[in-house]
Amino acid sequence: IEGIARGEQLHPVQAAFVACDGFQCGFCTPGMLMTGEDMLRKYPLATDEEIREGLSGNLCRCTGYQNIIAAIRSAAAMRKENAS
C-alpha cells in the first residue's frame, strides 16, 4: 500500500481516506485502498452503487461503508482535477 504514494506525497486515494475518515481499525484499509485505486483506474466515473459493488469483496466490520464510499468518490474528483 505504501508503494502507491510518491515519496512523502500521498496518493489521491490515500489522501481521500484520511480526509473522509475512510479508515477504521486498519485491518481492511489496505484492501479497500487498493480495490478503490484499481476501480478508479478502470472506472473513473464510478457511481456510489458501482463503488459498493466494487468493494463487495472486502469486508469491514467497523463501519457502514459511508466514509469509504465518500473517500473513493473524493479520490475520483481529485484524479479528475489533477488530470485537467
Item to check | Residues of the range 47-65 classified as among the hydrophobic types (A, V, I, L, M, F, W, C), surrounded by 15 or more Cβ atoms within 10 Å (Cβ to Cβ) and assigned to a loop (DSSP other than H, G, I, E, B), total | outcome: 2
Next on the checklist: Residue pairs, Cβ under 8 Å, 6 or more apart or interchain, first in the range 7-28 and farther than 12 Å from residue 76 by Cα, second outside any loop (DSSP other than H, G, I, E, B) and open to solvent by 80 Å² or more (accessible area, probe 1.4 Å). List them.
Outcome noted: 10/18
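The values are calculated or read from the model by the stated rules, or taken from the named source; none is laboratory data. Since we're looking at a predicted model, the values are computed, not measured. Cβ: placed from backbone, ideal geometry, glycine included. Neighbour counts: every protein chain shown. For accessibility, only protein heavy atoms count, side chains too; no ligands or nucleic acids. Shrake-Rupley method; radii C 1.70, N 1.55, O 1.52, S 1.80 Å.
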